[in-house]
1. Any chance you could give the angle, 0 to 90 degrees and rounded to 10, that helix 14-24 forms with the longest Cα principal axis of the chain?
2. Out of all Cα-Cα pairs in region 1-53, roughly what percent, to the nearest whole number, are more than 13 Å apart?
3. For an R0 of 22 angstrom, estimate the FRET efficiency from the Cβ-Cβ distance between residue 98 and residue 8 and round to the nearest 0.05.
4. Rounded to the nearest 500 deg cm²/dmol, what is the calculated helix-only ellipticity per residue at 222 nm for the chain, with -39500 (n - 2.57) per DSSP H run of length n ≥ 4?
5. Could you give the nm distance between label points at residue 88 and residue 41, where each point is 7 Å from its Cα heading toward the beta carbon?
6. So what is Rg over Rh here for the chain, counting just Cα atoms and using Kirkwood for Rh?
7. What residue among 95, 15, 78 shows peak mean-square fluctuation when the chain is described by a Gaussian network model with Cα springs under 10 Å?
């Protein structure tokens, strides 16, 4: 049985979070949390919190809090583009440059590895 957790409208570009998602994809959840804890990137906290939420959802879905988290692994991670906030920055000679402030959505599903 899979459990899913989503985090939406993160104020970080999807390209930056995909770099971290590629590191922890198809790994055990505990190992992934340790990797993200040692990473100095800004998006690591968002990704770690979403993994913790997915683990908690899996435990509630299976009605068994006694199962160890060692057997839970990350089945899929999807990082999609969210809404883009468009801002204007003044430029030379009366012109205006557009700034795109990108957001992203994270979807993580976890599963239990059968021994």
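1. For helix 14-24, the angle is close to 20 degrees.
2. 57
3. It comes out at approximately 0.40.
4. -10500 deg cm²/dmol
5. 3.5
6. 1.14
7. Comparing 95, 15, 78 in a Gaussian network model of the chain, the most mobile one is 95.
Where a number appears in this text, it was derived from the coordinates with a stated rule and is not lab data. Bear in mind the structure is a predicted one, so any value in this text is a computation, not a measurement. For neighbour counting, all protein chains shown are included, and Cβ atoms are generated from backbone atoms with ideal geometry for every residue, glycine included.
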